[in-house]
Amino acid sequence: MAMIEIQNVTKVYAGGVGAVNGVTLDVEEGETLVLIGTSGSGKTTLMKMINRLIEPTSGDIRIRGKNISRMNPIALRRDIGYVIQKIGLFPHMTIEDNIAVVPRLKGWSPERRRQSAEELLSMVGMEPHQYLRRYPAELSGGQQQRVGVARALAGDPPIILMDEPFGALDPITREQLQEEFRQLKERIRKTIVFVTHDIFEAVNLADRIGIIDEGRILQVDRPERILAHPADEFVARFLGKHRFQLEMSTAQVKDVMNEDAVTVRISGHRQSVARVVELMRQHRVTSLFAVDEQRKLIGIVTSEAVRGIREEIGLEEIVALDVATVSPETDLLSAVHVVANSKYTALPVLDESGRVVGVLTASSLIGVFADGLTGNGGTPAHRGVLPDTAVRKESEKA
Amino acid sequence: MIEVAQYLVSRRVDMLYWTLQHLQLVGIAMGIAIAVGVVLGIILTRVQLLAAPLLGAASVIQTIPSIALLGIMIPLLGIGRTPAIVALTLYALLPIIRNTYTGIQQVDPAIVEAGRGMGMSGRQILVMVELPLAVPVIIAGIRTSTVICVGIATLVTLIGAGALGTPIITGIQTYNDAEIWAGAAVAAGLALLLDFLLGRCEGALTPKGIKATS
Ligand SMILES: Nc1ncnc2c1ncn2[C@@H]1O[C@H](COP(=O)(O)OP(=O)(O)OP(=O)(O)O)[C@@H](O)[C@H]1O
Ligand SMILES: [Mg+2]
């Protein structure tokens, strides 16, 4: 059962404005659903029907299977965090009191309220003792918005509604808050409905994106799927000229890397150069990675470095340590920059502990670029990856 | 000047009595006006349909010349303190109702919606959000009313309610300038003093977060 089930919901405002027209949509527990659409498309209206700030003209909304029209709206709202389009902090309350509103309404003890306010403030990246006693007017816009997020999390609601929470911020602060929020939501695992009209924000934060126009949901899917398969002309136009860039930012290194990096162990007993030459010939690569017993990266050995060297020299002496690395989660857009600035055409892909888990090559990226724009190949992971340096060929796998 | 001072000294017991009488009339009238005016102002924000007619009616009362209003009171309530207090209350009401109403109306709707969205009941929104934010405007209305009241209370002697109008009216009738000045000066001083004290109240009651950022 989905956390929020929206069934055939319509809202016609007094005066006959049809703001939402027969929307059916499920929001799964723990997911972030981003509603995106142009101004006036009905995003706010749809969102406010979830906490009954607006009553639908027809249709049903259920939360955990319970029809909300039969719930007490006040109790309902105390269990749904809400960040409004214009922040809306209470100017006459301290930051602590602002955050503690819902806990206070729920009758928590003062100690518990204070403790939760402190925790939440640190969670949004603000030093509690510096800010708890301040007033909203004494904070910057970005800080106010952080407090707005903390306030919505207070009382530990399972659902959070956020209406363009970062819309009013300058681009740099906005990006920073988005990034922090992305990490925060991974930790707190709430069901989040997030409204925006910024496609980059949507792609960055969403588990799924719902595209809304004239009160209708045109497409709901994972960001990379919407980018690869826009449902119709409008969606495609909405993604517009940013589509390729967006696609690159949703795909990660692990989608295109080759997991069979050719490596050679050098610590412990000495490895001969002849062994390296043999490996390169066998796997038809021009470079390979030197690793220790735990497969942790030491450096890169290139064919130029071994050319003409006699067998007696230890590998340590020809390993280049200045190799740039990426992680499996690095997005392709950033990876392209790393590759472009790298001395070597093959980059080791390292997990958190520094172990080599794959190799990313310039030509595999070029392959993605070649296929990417046509949009006919699903996610980049499913596209062909060209054989290259440090890459074991399919046929040669053990 | 000297005559005025002499008058004040020689009639100090009477002056003190009239002053206290004045304060008492204004105090009672203001007490009633604040209680009724704030409640009416709040009701108007909830029942918007009433706002225009009620504020209109209160303005009409305000336009009636005070002497005339006191005269109108006599056939209804006779003479003495009661009609005086009723008249003063009526004059004091308008600024308080109007400022309470506008003070609450001018609260940013986004802030009220935030409160509603977090699960505040209507009463909680009023007490926790709207009234604290409207305090400076409401007190400004109370200050205006108080000054008006102190002034109009100098006339209630005409319907036998005494107060600081007594020496003024006697002075006019007996061509005694010193007596007129004495009454006027004390009444004016009283208005200034009350306005000052209410100003201090405003400072104390205005929530810290919305005071002009220093
Ligand atoms: N209270 C209202 N009464 C009448 N019409 C309204 C009301 N609120 C919104 N509308 C109309 O409903 C439509 C959808 O409005 P809504 O606020 O949901 O749009 P939105 O997608 O949130 O836009 P934005 O990105 O500008 O916030 C618009 O045409 C708007 O004019
Ligand atoms: Mg909106």
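Some observations on this one:
- If you check B:172, B:180 for being more than 14 Å from chain A (Cβ to nearest Cβ) and surrounded by 15 or more Cβ atoms within 10 Å (Cβ to Cβ), only one passes: B:180.
- Criterion violated by residue A:52 - all others in (1) within 12 Å of ligand 1 (Cβ to nearest atom); (2) within 14 Å of chain B (Cβ to nearest Cβ); (3) touching a helix residue (DSSP H, G or I) at 6+ places or on another chain (Cβ under 6 Å) satisfied: (1)
- Look at (1) away from ligand 1 (no atom under 16 Å from the Cβ); (2) within 14 Å of chain B (Cβ to nearest Cβ); (3) out of contact with any Pro (no Cβ under 7 Å at 6 or more places or on another chain) and you find that residue A:92 fails only one, number (3).
- Check on residue A:68, over 22 Å from residue A:221 (Cβ atoms), touching a strand residue (DSSP E or B) at 6+ places or on another chain (Cβ under 6 Å) and surrounded by 14 or more Cβ atoms within 10 Å (Cβ to Cβ): yes
- Single residue of A:77, A:62 found to be more than 14 Å from chain B (Cβ to nearest Cβ), charged (D, E, K, R) and within 29 Å of residue A:167 (Cα to Cα): A:62
- Look at segment A:16-27: where a residue is closer than 12 Å to residue A:215 by Cα and modelled with pLDDT of 90 or more and a partner is outside any strand (DSSP E or B) and away from ligand 2 (no atom under 16 Å from the Cβ), sitting 6+ places away or on another chain with Cβ atoms under 8 Å, you get A:20/A:56.
- Enumeration of residues in segment A:29-66 that are part of a strand (DSSP E or B) and either within 13 Å of ligand 2 (Cβ to nearest atom) or in contact with a Cys (Cβ under 9 Å, 6 or more places away or on another chain) (or both): A:35, A:36
- Considering residues of segment A:8-17 that are surrounded by fewer than 16 Cβ atoms within 10 Å (Cβ to Cβ) and not hydrophobic (A, V, I, L, M, F, W, C) only, the residue farthest from ligand 2 (Cβ to nearest atom): A:8
- The residue of segment A:73-99 that is surrounded by the most Cβ atoms within 10 Å (Cβ to Cβ), among those that are of a type in the set (Gly, Ala, Ser) and in contact (Cβ under 8 Å) with a residue 60 or more places away in the chain, is A:81.
- Search result, residues across segment B:185-214 that are within 11 Å of chain A (Cβ to nearest Cβ) and either exposed (fewer than 12 other Cβ atoms within 10 Å of the Cβ) or among the basic types (Lys, Arg) (or both): B:208, B:211, B:212, B:213, B:214
- Considering only residues in segment B:76-102 that are assigned to a helix (DSSP H, G or I) and small (Gly, Ala, Ser), the one that is farthest from the other protein chains (Cβ to nearest Cβ) turns out to be B:84.
- Pair list, Cβ < 9 Å and 6+ apart or interchain, from segment A:37-51 residues that are of a type in the set (D, E, K, R) to residues that are within 8 Å of ligand 2 (Cβ to nearest atom): A:43/A:163; A:43/A:164; A:43/A:195; A:48/A:163
- Residue within segment A:146-168 that is away from ligand 2 (no atom under 16 Å from the Cβ), over 26 Å from residue A:77 (Cα atoms) and not in a loop (DSSP other than H, G, I, E, B) present: no
- Test: residue in segment A:113-120 that is surrounded by fewer than 18 Cβ atoms within 10 Å (Cβ to Cβ) and within 13 Å of chain B (Cβ to nearest Cβ): no
- Annotation note: of A:176, A:183, A:143, the sole residue that is assigned by TED's automatic domain parsing to the domain that holds residue A:119, buried (at least 17 other Cβ atoms within 10 Å of the Cβ), more than 16 Å from ligand 2 (Cβ to nearest atom) and not in a loop (DSSP other than H, G, I, E, B) is A:143.
- Of residues in segment A:18-30 being closer than 19 Å to residue A:226 by Cβ and buried (at least 20 other Cβ atoms within 10 Å of the Cβ), the one nearest to ligand 1 (Cβ to nearest atom): A:23
- Of all positions in segment B:86-96, none carries a residue that is closer than 30 Å to residue A:80 by Cα, crowded, with 18+ Cβ neighbours inside 10 Å and out of contact with any Leu (no Cβ under 7 Å at 6 or more places or on another chain).
- Reported count of residues in segment A:334-351, each being within 20 Å of the chain's Cα centre (by Cα) and not in a helix (DSSP H, G or I), is 3.
- Filtered by the rule that a residue be more than 10 Å from chain A (Cβ to nearest Cβ) and surrounded by fewer than 19 Cβ atoms within 10 Å (Cβ to Cβ), segment B:103-129 gives B:105, B:106, B:123, B:127.
- Residues that are touching a residue at least 24 places away in the same chain (Cβ under 8 Å) and among the acidic types (Asp, Glu), drawn from segment A:180-198: A:180, A:198
- Test: residue in segment A:195-215 that is within 25 Å of residue A:37 (Cβ to Cβ), within 14 Å of chain B (Cβ to nearest Cβ) and either within 13 Å of ligand 1 (Cβ to nearest atom) or among the charged types (D, E, K, R) (or both): yes
The values are calculated or read from the model by the stated rules, or taken from the named source; none is laboratory data. Keep in mind that what you see is a predicted model, and the values were worked out from it rather than measured. Here the Cβ is made from the backbone with ideal geometry for all residues, glycine too, and neighbour counts use every protein chain on show.
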